[in-house]
């Protein structure tokens, strides 16, 4: 293949952020800086792809080595992320034309897109600009999603840390409730993310290492909610262990597809869906079994919890960013680095690659054999898959009792185009 | 004073548990074990004072040195806690007679009660048994409450760790929301504990070190909620910073005393108070300003979060347990060790003592000068008070990615009394 001339790179964060997406950014920038003969400036999109469309680029060369290194332990999206999916070329050709204008104006020859399934679809479309629009660009996706639902890759950066947060939190809350159950709360419900797939809820199951450990019940989106069966298990659990700790996925639903969260509360104004699923489940237990309950909704706390990030996750997130740059400079287009689990007894992983075409818009659900027969917990094979992903503690530095996360300067690149673009 | 003969000790945990109440238990047991000439066995009440009333005592001498040491990093109440307040002697003499029977049967001459305001009231009543019932006992209270509302002591063990959890969590969630706000959530509400006093909510304010940092607004129980003023600040904040992060105390209330949490939701069955205050506040913002919101309710996660405990808090909790034993063997009765802040520039503390009579049933609220003039944030003097309390990270040991908390054997002491006692 012909050696590519030196060009600038564009990097953007997409979709919901995680505790480690900035570690991928760190991998991209640190690696690109090591290949100055191939890659010139690394521009980041302010608020993701929107930054490319509006020509709002951030010049990462203005950031110090130290600040870029700090990305490895800073949660959230340092350049801003967005929920914005490019339409198909037929539906909105103007968007693609605009991207090419911006890329041309800033001599961008590399495009790195850090996101989940939707984003890999966008990345795939952009990787085809050479063919479809005659603009040569090397496009590499970088996997990221707390939902762990990308195909091909063994797991997704971002997931391991939220998994660790959930497992640690339900273990701690379980200890708390166990010690108070005699005269106080007997049922505790913790709501976690994962609207379509139960990976995050499943991770809670890791805290339960032996009979009686919290959590006692897990409610997955993949398993239709059976109220009678659920309540029976709650009651049995309280009678046997004195209390019952439950992890419920926000996506838990009835057989007809209705979310439990939707079936519940109406506020004083008659608005539906005020709350999450945790209060609905807790209230159900109270109404039917009479047990005193408490509930927690971790929401963003879980995916932002860099303070309890998994070391494996941080390393993999960084490695994916690094690998993406290496793939790009080796001339690969329309690919995404993947995490490949080695068939060894102790966990080991290496880096593989997938075609964006095979990744885009495919959701990896929990296999049925990862969920126990009664549908209310995880199996040993699931535990074996999950456990290495939460391994190791990668603590951020602290000052005055607080983690020292970096806020970048995020200096804008001077605009070169006259025309504005409306999103 | 006359040298006391060697007797056994009774230790009980009371009220809501914390991330560090077991560190106090560790201090009690390790110190008592060093004074074998004065203190024989250390019995713990199973589920707190209920264990004393029902003669359900745990023999802590059956626990290994290693397991007792592990209490220092294990959250929750290792022997079980309870919410049970002894009535006055006039109202329920039978309870006191029973306690004396149990104490006599097991040769208990020392009583250590680890709890908050209500518990110090109980401890005070028990410290008077010598006078009121002719049973000589040395009773020492050990301060514990995440609410930080005990008087005299500069702060309460348990508070520093929940404070650290809240400050770290809102900082992390703030970073998350900031990076997504362009196209997604603009207002984030995090509910924290503290029904009467705003100490925990105030701790969230520590995360905000400079203009624009999360949290932007704090809602205290001490300040009557002013909807108009609140919404104005939310709107201003979103317009200026792109987003708004709010910490709300579960005890936030209107001028007439109604809790915001009560004013909100009615579920599908017409039941009131399904949820917490966070969804109510979030929904209010949506209804009035139209901003997309997310909310979190940390609930027990915050007080059980030993994984992010404050080192200062752990050390002080241990020191209070140790000091309690030392006070007891020096012959002091009806007292509680306290934390005394030294008037030095860099934070330093020492141990003082207070009379239980002065501690019982007194609640220490946030001083008005700890809350900003607009009532919606903390002041510098508050920050100065709070900051040392969250200082230092005291991480538990991990195995397979999970914190290794200890579950004690909790072997029961053989009962000596024939009569059962109904709670």
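The values are calculated or read from the model by the stated rules, or taken from the named source; none is laboratory data. None of these values were measured; they are calculated from a predicted model. For neighbour counting, all protein chains shown are included, and Cβ atoms are generated from backbone atoms with ideal geometry for every residue, glycine included.
With a requirement of 2 or more residues that are within 14 Å of chain A (Cβ to nearest Cβ), the helices (runs of 4 or more DSSP H) lying completely within the range B:1-86 that satisfy it span B:21-33, B:49-53.
When A:58, A:21 are checked against the criterion of being in contact with a strand residue (DSSP E or B) (Cβ under 9 Å, 6 or more places away or on another chain), more than 19 Å from residue A:145 (Cβ to Cβ) and surrounded by 22 or more Cβ atoms within 10 Å (Cβ to Cβ), a single residue qualifies: A:58.
Residue B:291 meets the stated requirement of being within 21 Å of residue A:298 (Cα to Cα), touching a helix residue (DSSP H, G or I) at 6+ places or on another chain (Cβ under 6 Å), surrounded by fewer than 22 Cβ atoms within 10 Å (Cβ to Cβ) and modelled with pLDDT of 95 or more. Between B:147, B:154, the distinction of being more than 14 Å from every other protein chain (Cβ to nearest Cβ), in contact with a strand residue (DSSP E or B) (Cβ under 6 Å, 6 or more places away or on another chain) and farther than 30 Å from residue B:105 by Cβ belongs to B:154 only. Note on the range A:87-117: residues that are in a strand (DSSP E or B) and either within 14 Å of chain B (Cβ to nearest Cβ) or surrounded by fewer than 16 Cβ atoms within 10 Å (Cβ to Cβ) (or both) amount to 2. Scanning the range A:118-131 for residues that are over 15 Å from the mean Cα position of the chain (by Cα) and part of a helix (DSSP H, G or I) returns A:121, A:122, A:123, A:124, A:125, A:126, A:127, A:129, A:130, A:131. Quick check: is even one residue across the range B:336-348 surrounded by fewer than 17 Cβ atoms within 10 Å (Cβ to Cβ), away from every other protein chain (no Cβ under 14 Å) and within 21 Å of the chain's Cα centre (by Cα)? Within the range B:336-348, one or more residues are surrounded by fewer than 17 Cβ atoms within 10 Å (Cβ to Cβ), away from every other protein chain (no Cβ under 14 Å) and within 21 Å of the chain's Cα centre (by Cα). Number of residues in the range A:164-208 that are within 10 Å of chain B (Cβ to nearest Cβ), more than 27 Å from residue B:82 (Cβ to Cβ) and either without any contact (Cβ under 8 Å) to a residue 24 or more places away in the chain or surrounded by fewer than 24 Cβ atoms within 10 Å (Cβ to Cβ) (or both) equals 0. Is there a residue in the range B:344-356 that is under 30 Å from residue A:387 (Cα atoms) and either modelled with pLDDT of 95 or more or in the same structural domain as residue B:107 (by TED's automatic domain parsing) (or both)? No, that holds for no residue.
Among the residues of the range A:371-423, those that are surrounded by 12 or more Cβ atoms within 10 Å (Cβ to Cβ) and assigned to a strand (DSSP E or B) comprise A:371, A:378, A:393, A:398, A:402, A:403, A:412.
Out of everything in the range A:271-288 that is surrounded by fewer than 24 Cβ atoms within 10 Å (Cβ to Cβ) and within 8 Å of another protein chain (Cβ to nearest Cβ), what residue ends up being modelled with the lowest pLDDT? For the range A:271-288, the residue satisfying everything is A:271.
When A:39, A:49, A:68 are checked against the criterion of being touching a residue at least 40 places away in the same chain (Cβ under 8 Å), more than 24 Å from the chain's Cα centre (by Cα) and surrounded by 21 or more Cβ atoms within 10 Å (Cβ to Cβ), a single residue qualifies: A:39.
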